[in-house]
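Let me begin by presenting the structure, written as structure tokens, before commenting on it.
The values are calculated or read from the model by the stated rules, or taken from the named source; none is laboratory data. Everything numeric in this text was worked out from a predicted model, so none of it was measured. Because the Cβ atoms are built from the backbone with ideal geometry, glycine has one as well, and the counts that use them run over all protein chains shown.
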Amino acid sequence: MKPAPFEYHVPPTATAAVALLEDLGDGAKVIAGGQSLVPLLAMRLARFEHLVDIGRIRELQGVERRNGSVLVRAMTRDAVIEHDAMVADAVPLLALVTPMIGHFQIRNRGTVGGSLAHADPAAEYPAVATALDASFEVLSSHGERWIAAADFFAGIWSTAMAPDELLTAIRFPVWEGRCGFGAAEFARRHGDFAIAGAVAGVGLAPNGTIERCAIALFGLGSVPVRASAAEAAISGQSIDAVSPDDIGRLAVDDVSDPGEDLHAPTGYRIRVGAAMAAKAWNHAIEEARRA
């Protein structure tokens, strides 16, 4: 199939883009890398009168480290994140999940901001942003504002951004000290969206106890799920006193509605989610031991 007819706009700046969004109203949609939106348009699962292409806006591209965080501008390609040494050093979890996204052709075109603004609950980047307490810079004709990751994802393909707002950057905190990170997902084929997956981070105190931890699940609800109960239960404990299997069981306790589809019934998806959380936690602990 082919997309329904639309008008195509290529604004030169972020300011021009948000002016277009305000003028065009609900009939407009931002297109970034297009790796998620174009198939939806082609299958006519979505239809818009106007597409606003932000792919050529240079101010929305690039990565930099500043003030204890890494700022990723929204139009930064996934492939850049995958191969950036600074990102791998400062936000290892972000670099760790990137090779899990589609195939290299997808990562060459897909963007970090596009994935996050698309808000697919089975995607990897939203889970990383949730686990690391990232924050989102959005711009409108009224100015800019920051939205915490905990408030950003509102539902399937839905965020807290207003229709006339544009995601311009994402700030990921840098974890200092003795830390480790892990990620795991289960999909029918490599490159498919995950049936269930998990990301985890752990920071150790000098005596080997768990000083900080973060666990988030994806593919198990309409938004990424922060495993807050599991984090609270293991905080302050020795890493040797916590088994990965226990972490997995605790992590899925925070899942209220994992959903059911032709790929996986509810019970199966929960079991896979627990196994992926255990696997991600085990990887994070092993990395922290070596740090």
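Structure notes:
- Per-region count, the stretch 230-240, residues loosely packed, with under 14 Cβ neighbours inside 10 Å, modelled with pLDDT of 90 or more and in a helix (DSSP H, G or I): 1
- Qualifying residue in the stretch 128-142 (condition: under 21 Å from Asp23 (Cβ atoms), in contact with a strand residue (DSSP E or B) (Cβ under 9 Å, 6 or more places away or on another chain) and modelled with pLDDT under 95): no
- Odd one out for Ala183 among (1) surrounded by fewer than 19 Cβ atoms within 10 Å (Cβ to Cβ); (2) in a strand (DSSP E or B): (1)
- Failed condition for Gln61, given (1) within 18 Å of the chain's Cα centre (by Cα); (2) buried (at least 20 other Cβ atoms within 10 Å of the Cβ): (2)
- In the stretch 232-252, the residues that are within 16 Å of Arg212 (Cβ to Cβ) reach residues that are among the aromatic types (Phe, Trp, Tyr) with C-beta atoms within less than 6 angstrom, at least six apart or across chains, in these pairs: Ile247/Trp281.
- Test result for Ile247, under 14 Å from His283 (Cβ atoms), over 20 Å from the mean Cα position of the chain (by Cα) and among the hydrophobic types (A, V, I, L, M, F, W, C): yes
- On the stretch given as the stretch 149-170, residues that are closer than 18 Å to Phe218 by Cα and either touching a residue at least 40 places away in the same chain (Cβ under 8 Å) or surrounded by fewer than 20 Cβ atoms within 10 Å (Cβ to Cβ) (or both) total 9.
- If you go through the stretch 159-194 and keep only what is aromatic (Phe, Trp, Tyr) and either modelled with pLDDT of 95 or more or in the same structural domain as Pro121 (by TED's automatic domain parsing) (or both), you end up with Phe172, Trp175, Phe181, Phe186.
- Leading residue by the ranking (surrounded by the fewest Cβ atoms within 10 Å (Cβ to Cβ)) among those in the stretch 64-85 that are within 25 Å of Ala198 (Cβ to Cβ) and out of contact with any Gly (no Cβ under 9 Å at 6 or more places or on another chain): His83
- Condition met for Ala196 (among the small types (Gly, Ala, Ser), within 14 Å of Ala122 (Cα to Cα) and without any contact (Cβ under 8 Å) to a residue 12 or more places away in the chain): no
- Single residue of the stretch 250-266 satisfying the filter (assigned to a loop (DSSP other than H, G, I, E, B) and acidic (Asp, Glu)) that is nearest to Trp281 (Cα to Cα): Asp257
- Qualifying residue in the stretch 188-203 (condition: surrounded by 14 or more Cβ atoms within 10 Å (Cβ to Cβ), more than 16 Å from the chain's Cα centre (by Cα) and assigned to a strand (DSSP E or B)): yes
- Verdict on Ala241 being among the hydrophobic types (A, V, I, L, M, F, W, C), over 24 Å from Val91 (Cβ atoms) and more than 18 Å from the chain's Cα centre (by Cα): yes
- Residue check for Glu22: farther than 17 Å from Leu166 by Cα and either modelled with pLDDT of 95 or more or of a type in the set (A, V, I, L, M) (or both): no
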